Amino acid sequence: MPESPLVLGIESSCDEMAAAVLRGDREILSNVVHSQTVVHAPYGGVVPELASRDHVRVVSEVVEAALAEAGLAGRDLDGVAMTAGPGLVGSLLVGLSFGKAFAYAQGLPFVGVHHLVGHLVAAEVGGGGAGDEAGNLAPPYVGLVVSGGHTALYRVSTQGRPAVLGETRDDAAGEAFDKVAKLLGLAFPGGPAISKLAEQGDPRAVDFPRPMSKRPGLDFSYSGLKTAVSVELARRGGLEALADGECADLAASFEAAVVDSLVGRCRRAMKQEDANRIAVVGGVAANARLRREMRAAGENDGFQAIFPPMNLCTDNAVMIAAAGSRLLSRGVRDDLSLEAFSRVPLGATPWRDQGAPDSQTPSDSGS
Ligand code: KG4
Ligand code: ZN
């Protein structure tokens with residue numbers, strides 16, 4: 001592997017087909033994301049079978065677009081990285097199988113990447129996006145993964161796999177955003193829709209519970225909060241009876257409760273770990289209120305809150321190329337028996353044999 005390898009990343013764990021080319025650790029040569037919002041919007045959520053069918057339809061053109069944007073041909077690359085899990089198996093299989101075939105045809109080494117490891121590494125890539133540059137973040141740090149499928153805190157060390165400090169006992173924060181958006185009759189996907197509406201609402205209008213705030217430890221819980229929104233909605237006579245302003249107030253108050261609980265947990269984690277840097281990653285890390293409040297908490301408590309640029313918070317292939325590049329540079333390889341996994345705890349890599357040289361930083365562990 002050259003010192004600054006050219007790595008193609010492919011991500012298809014859910015409803016985005018993405019491909020990207022990275023040079024070395026963090027130089028983004030291309031970043032292509034094909035979103036399926038129009039495919040799933042009529043159903044108010046991701047329909048797995050439709051997701052994989054659309055992935056099959058676009059995978060070649062997305063990869064070709066990523067190579068063209070980078071000004072490269074397949075033979076110029078040094079390696080390929082694909083998301084191996086966790087995610088929807090039908091979706092994962094499309095990107096994974098395409099990546100294997102592509103690498104085989106080009107005679108390139110390839111690795112399977114854990115999706116959550118990819119999200120964490122996105123904070124290490126930083127730069128290249130608008131606004132919040134992560135700079136040259138490197139372990140050790142605390143990582144908060146807050147996405148549609150996961151909400152968990154990790155200790156990311158220079159050696160060994162990330163250790164779980166706490167995780168959600170039920171819904172993920174992004175899932176709560178999506179479910180509450182549905183309750184409020186908002187368009188899919190719910191997170192961006194809620195945060196847009198919340199800008200016009202009063203976050204103090206309804207004092208929703210701050211989940212788990214009275215409990216010790218670092219776990220999260222969001223299903224009770226979703227129920228609280230539903231009860232409040234029913235008390236006001238249902239969605240049809242709501243004035244526009246009321247809907248915005250509910251959205252703002254819900255968003256404030258989620259953000260407060262996330263920030264509260266992180267402050268506790270930073271104290272407990274005596275840490276001074278937290279990377280906040282995953283789709284919900286694109287939330288403006290969360291970015292603002294987490295930074296303010298950091299200024300108050302003396303820690304730095306690092307967010308990837310917006311376009312690297314939601315699913316993308318730059319993060320997969322970056323995690324893959326770190327693995328390939330350490331000599332980690334997978335072979336054609338590499339499979340897709342729907343559920344994988346961060347810290348396990350079932351697609352890689354025990355004893356592989358993968359026990360360093362998050363880049364190689366699986367969730
Ligand atoms: O990381 P991601 O793209 O996919 C998963 O791996 O799950 O995260 C998607 C989640 C969705 O639940 C979406 O509603 C949420 O991230 N999300 C947001 C925002 N943008 C995306 N939640 C709150 N505010 C946002 N601005
Ligand atoms: Zn994700």
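The values are calculated or read from the model by the stated rules, or taken from the named source; none is laboratory data. Because the structure is predicted, anything quoted here is derived from the model rather than measured. Here Cβ is always computed from backbone atoms with ideal geometry, including for glycine, and neighbour counts include all displayed protein chains. When the accessible area is computed, the model is the full protein with side chains, heavy atoms only, and any ligands, DNA or RNA have been set aside. Shrake-Rupley method; radii C 1.70, N 1.55, O 1.52, S 1.80 Å.
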Run the count for the chain, please: Lys pairs, Cα-Cα under 22 angstrom, 8 or more apart or on different chains.
7
For region 1-82, what's the relative contact order in percent, using C-alpha pairs closer than 8 Å and at least 6 residues apart?
38 percent
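How large is the charge dipole for region 61-192, taken about the Cα centre, if only the Cβ atoms of Lys, Arg (+1) and Asp, Glu (-1) carry charge, to the nearest 20 debye? Intermediate results must be reported in sequence, preceding the final value.
Numbers: 7 positive and 13 negative charges, 81 e Å.
Rounded to the nearest 20 debye, it is 380 debye.
Sort region 1-129 into rounded, prolate or oblate with this rule: let a ≥ b ≥ c be the square roots of the eigenvalues of the Cα gyration tensor; rounded if a/c is under 1.5, and if a/c is not under 1.5, prolate when a/b is larger than b/c, oblate otherwise.
Details: a/c = 1.77, a/b = 1.53, b/c = 1.16.
It is prolate, given that a/c is not under 1.5 and a/b is the larger ratio.
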I'd like to know which of A248, G238, A205 lies farthest towards the positive end of the charge dipole of region 190-290, counting +1 on Cβ of Lys and Arg and -1 on Cβ of Asp and Glu.
A205
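For the chain, give me the percentage of DSSP beta bridges that are antiparallel, rounded to the nearest 5 percent. Before the final figure, lay out the partial values.
Numbers: 24 of 41 bridges.
Antiparallel bridges make up about 60 percent of those DSSP assigns within the chain.
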Just want the answer: with Cβ charges of +1 for Lys and Arg and -1 for Asp and Glu, which residue in G107, G85, V32 is farthest toward the dipole's positive end in region 31-121?
G85
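At 222 nm, what value in deg cm²/dmol follows for the chain if DSSP H runs of at least 4 each add -39500 (n - 2.57) and the sum is divided by all its residues, to the nearest 500?
On the way: 10 runs with 145 residues, N = 367.
Counting only the DSSP helices, I get -13000 deg cm²/dmol.
Label region 35-75 by shape, choosing from rounded, prolate and oblate, from the square roots a ≥ b ≥ c of the eigenvalues of the Cα gyration tensor; if a/c is under 1.5 it is rounded, and otherwise prolate applies when a/b is larger than b/c, oblate when it is not.
On the way: a/c = 5.09, a/b = 2.74, b/c = 1.86.
Verdict is prolate for region 35-75.
With the full set of protein chains in place, find how many percent of the accessible area of the chain is carbon and sulfur; take the probe as 1.4 Å. Before the final figure, lay out the partial values.
Numbers: 7220 of 14720 Å².
Accessible surface attributable to carbon and sulfur in the chain totals 49 percent.
Dipole of region 176-235, Cα-centred, from +1 at each Lys and Arg C-beta and -1 at each Asp and Glu C-beta, to the nearest 20 debye? Walk me through the numbers before you get to the answer.
Numbers: 9 positive and 6 negative charges, 31 e Å.
Using Cβ point charges on Lys, Arg, Asp and Glu, region 176-235 gives about 160 debye.
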Putting +1 on Lys and Arg Cβ atoms and -1 on Asp and Glu Cβ atoms, find which of L67, I10, Y43 reaches farthest to the positive end of the dipole of region 1-84.
Y43
Would you mind listing how long the chain runs along its three principal axes, going by Cα atoms, in whole Å with the largest first?
63, 46, 35
Accessible area, 1.4 Å probe, largest first: how do M212, M319 sort?
M212, M319
Any chance you could list the semi-axes, whole Å, largest first, of the equivalent ellipsoid that the Cα gyration tensor gives for region 15-89, using √(5λ)?
26, 13, 11
Given a 1.4 Å probe, the accessible area of the chain per residue, as a whole number of Å², is 40 Å²
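Using DSSP loop states and a limit of at most 13 other Cβ atoms within 10 Å to flag GluC sites (Glu not before Pro), what is the longest stretch of the chain containing no flagged site?
Working: sites that count: E3, E199.
Here the longest segment lacking exposed loop sites spans 4-198.
Calculate the dipole size of the chain relative to its Cα centre from +1 charges on Lys and Arg beta carbons and -1 charges on Asp and Glu beta carbons; express the result in debye to the nearest 20. It would help to have the intermediate numbers written out before the result.
Working: 33 positive and 44 negative charges, 161 e Å.
My answer is approximately 780 debye.
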